[in-house]
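Just so you know, all these numbers are worked out from the coordinates, no wet-lab data involved. Worth saying up front: this structure is predicted, and the values here are computed from it rather than measured. Positions of Cβ are backbone-derived with ideal geometry, glycine not excepted, and every protein chain shown enters the neighbour counts.
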Amino acid sequence: MKKSTLFALAVPSALLALAIFPVDNQKNKFHSDAELASFRHSAFASLGHSKVQGPTSNVQSPTSNLLLQIDSNVLFPVAKTCGGCHGHDPLMHALVTTSGTDVNIYDDWRSTMMANSSKDPFWRAKVSHEIMVNPSHSNELQDKCTSCHAPAGHYQAKLHDHKEFYLLSDLYADTLGLDGVTCQVCHAQSPQLLGDLHSGQLNFDTNYIRVAYGPYEIIFAPPMHNFVGITPIFGGHISDAGLCAGCHTLLTETVDLQGNFTGNTFVEQATYHEWLNSRYDEEHDNITCQTCHTPQIQDEIIISANYLFLPPKSPYGLHELAGANVTMLKLLKNNREKLDINAQAEHFDSTIAVTLRMLQHKTLDLQLQAGDVSGDSMNFTLLLLNKAGHKFPSGYPSRRAWVEFEVKNEAGQSIFHSGKPNPDYSLPDENANYEPHYNTITSPGQVQIYEMVPVDIWGTFTSVLERGFMAIKDNRLAPRGFTTTDPVYDTTKIVNIGQDPDFNRYPDGSEGSGADILHFRLPNSGYTGQLSVSAKVWYQSLPPKWMAPMFAFSSPEIDSFRTMFDAADQSPILIAEAFLDSVFVSPVSVKSIANEGFVKIFPTLTKDGRVNVRTTGNAQVYRVQVWDSTGRLVWDKPFSGEPIQLPRQSGVYFVSVETEKGREVQKVVRE
């Protein structure tokens, strides 16, 4: 969707049925038939064949024989077909960087969540869960879900075979569907309606569907014509964020608990609209989805194997397609054979590494500061700055992030701990329906969770998407530039954060900071001494709160996923952390008077342990106290004007001088 229009709740299905099926578009052959057969054999022999598997099927792939003639009735060739030229080059001539790193497209893609979207066992289980809750909507639910998770199979069935529904049973026996978000799902999308579609509505080139749009203007087309019957042409829209809109904006129709439609629609996710409502959109910085998820390198890359004369291309977009779901990537890696995934362990290791890098270096900045830490309370602030081009977390609403905040005394004992997870990675003090948003946390039982919480028509949390009526809470961190006056705010609302003056606000009160400032006010309880403070932000894609309702049901998909999930590494991902060491606190309110010239404590580094206290003539000193770094009082005497003698043990000490003007505390070190 562009800023000038709000998307309609339904785009006429006729737009999707306009495809004119491919004519015989083969140009003069660049190779002879014998050369083609030889090239096919050498390029594709190592790729092997695939089996089409669902929970109960084991069907040989109809495209396992890669030496078959090109079938122009297949609108979306499987990625293996593209991998012959855009995969690993044994000669290390094509698709390698100047330093010799293999960056081939096929291997980068095949271990991503995009490549495995239709084999994702959680998705399959969730579809099964939804249709068991509302069985009368089974066909419609499956058809909607496969439009994004198995788009090649879905649209082959719709555009060519004229099927009304594309179901899981169709998917499990369909090589195209099992190819997930395969190459042509992106590269055959038309520039028309770009950004205006949603909820699985994809508009493929209606006049010449066997085309592959790419970012380069000078193209050598004959090999792709001859091998796969596809015409490669320049399409600048391949780098437009609108290419992602059709699937990354999803509206669902709400039903009540009896399965009756209410007429309401629920925004399940609106990642593309979140980007539109940011400083990264095309009207401002124009940093698109592809900029981060297919990052460019400036190396000159030859993009196809088998053709030594091809000129290199630059810049080159890495098909890393990193997101945030490390948990599922690890699960897929460990169940490759069971899920019939042809990516190897090392491919998943690479994708997991770039995903962690995305999460831990490109997502969030933290700043932890101590405020007033004297008197009856200790005050700290934590600033969280969203660096993503959309909300964080974004996407499927189970995803959430929370803050773990802990304060320890000098002995290492925890005296305050908010957000500590249970062994199963649930949060012990989380409200059963939803944890409210906090501006200030004052109790360990309070935990800041950044999340979107769907509820049904009765206001109760639901993980059944078709029952989603509204978001009762959405305090996910907004991207920079986000405003409540943007045309797409209706699909990207901030919900139920109370009167929080810090959320997405600059100090002057204007919107768009992309940050939240979380305050902590803790009781001192009479403690004097040194503290250490830590703040950690954890990311969780599959929290127990979302898994439990689905695991209450049984189906082949749910049971299979439960087995995998129980054996998986379910630990959340540490996104960012910040620390404060040697924070000295005192139960006595301290007014700094050193800067006013009333008192001076020196030296701050002493070898013999002698420390002097000097005041001006108009300030009377009453008492001097000294604490060591463990909080133990080691000196407590009325002021006599004589130097203070620190204990013999080297270390950090805190000198407190009480005067009629106030109290000054100075940290000193004995060598």
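Results, tabulated for the structure shown:
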{"quantity": "The chain - charge dipole about Cα centre, Lys and Arg +1 at Cβ, Asp and Glu -1, debye rounded to 20", "calculated": "1420"}
{"quantity": "Two-site FRET efficiency, E217 against S72, from Cβ-Cβ distance with R₀ of 25 Å, rounded to 0.05", "calculated": "0.40"}
{"quantity": "Hydrodynamic radius (Kirkwood) for the stretch 363-585, which is based on Cα pairs only, to one decimal in Å", "calculated": "18.8"}
{"quantity": "Measure of compaction for the stretch 291-411 (Cα Rg per 2.2 N^0.38 Å)", "calculated": "1.57"}
{"quantity": "Out-of-range pairs (alpha-carbon distance over 19 Å; input K119/K330; K536/K667; K408/K536; K420/K536; K144/K391)", "calculated": "K536/K667; K144/K391"}
{"quantity": "For the chain, projected area of the alpha-carbon convex hull averaged over all directions, nm²", "calculated": "34.6"}
{"quantity": "Full-extension gain in nm, A173 to S314, via 0.36 nm per residue minus C-alpha separation", "calculated": "46.8 nm"}
{"quantity": "Cβ charges +1 (Lys, Arg) and -1 (Asp, Glu), total dipole of the stretch 594-670, debye", "calculated": "220"}
{"quantity": "Gain upon complete extension [T442, N139; 0.36 nm per residue less C-alpha separation]", "calculated": "104.2 nm"}
{"quantity": "Kirkwood Rh and Cα Rg combined as Rg/Rh, the stretch 594-670", "calculated": "0.94"}
{"quantity": "Two-site label geometry, D559 and T98: point separation in nm, points 7 Å out along Cα→Cβ", "calculated": "5.8"}
{"quantity": "Kirkwood hydrodynamic radius of the stretch 219-320, from inverse mean 1/r over distinct Cα pairs, in Å", "calculated": "17.2"}
{"quantity": "Computed over the stretch 334-477, Cα set: Rg, Dmax in Å", "calculated": "19.0, 63"}
{"quantity": "Gained length - N612 relative to T484, 0.36 nm times residue gap less alpha-carbon distance", "calculated": "40.4 nm"}
{"quantity": "Cα shape, the stretch 427-508, gyration tensor, a/c 1.5 rule", "calculated": "oblate"}
{"quantity": "Where labels lie 7 Å past Cα in the beta-carbon direction, separation of E300 and V652 in nm", "calculated": "5.5"}
{"quantity": "Alpha-carbon centroids, the stretch 518-577 and the stretch 410-434: separation in whole Å", "calculated": "9"}
{"quantity": "Antiparallel DSSP beta bridges within the chain, percent to nearest 5", "calculated": "90"}
{"quantity": "Debye equation applied to the C-alpha atoms of the stretch 103-248, log10 I(q)/I(0) at 0.10, 0.11, 0.12, 0.15 Å⁻¹", "calculated": "-0.36, -0.44, -0.52, -0.80"}
{"quantity": "Kirkwood Rh, angstrom, the stretch 102-181 [1 / mean 1/r, Cα pairs]", "calculated": "13.0"}
{"quantity": "Spatial separation of Cα centroids for the stretch 124-180 and the stretch 74-122, in angstrom", "calculated": "25"}
{"quantity": "Highest-first arrangement of 217-224, 466-473, 81-88, where packing means the average Cβ count within 10 Å", "calculated": "81-88, 466-473, 217-224"}
{"quantity": "Simple Cβ-charge dipole of the stretch 503-662, Lys/Arg +1 and Asp/Glu -1, about Cα centre, in debye nearest 20", "calculated": "840"}
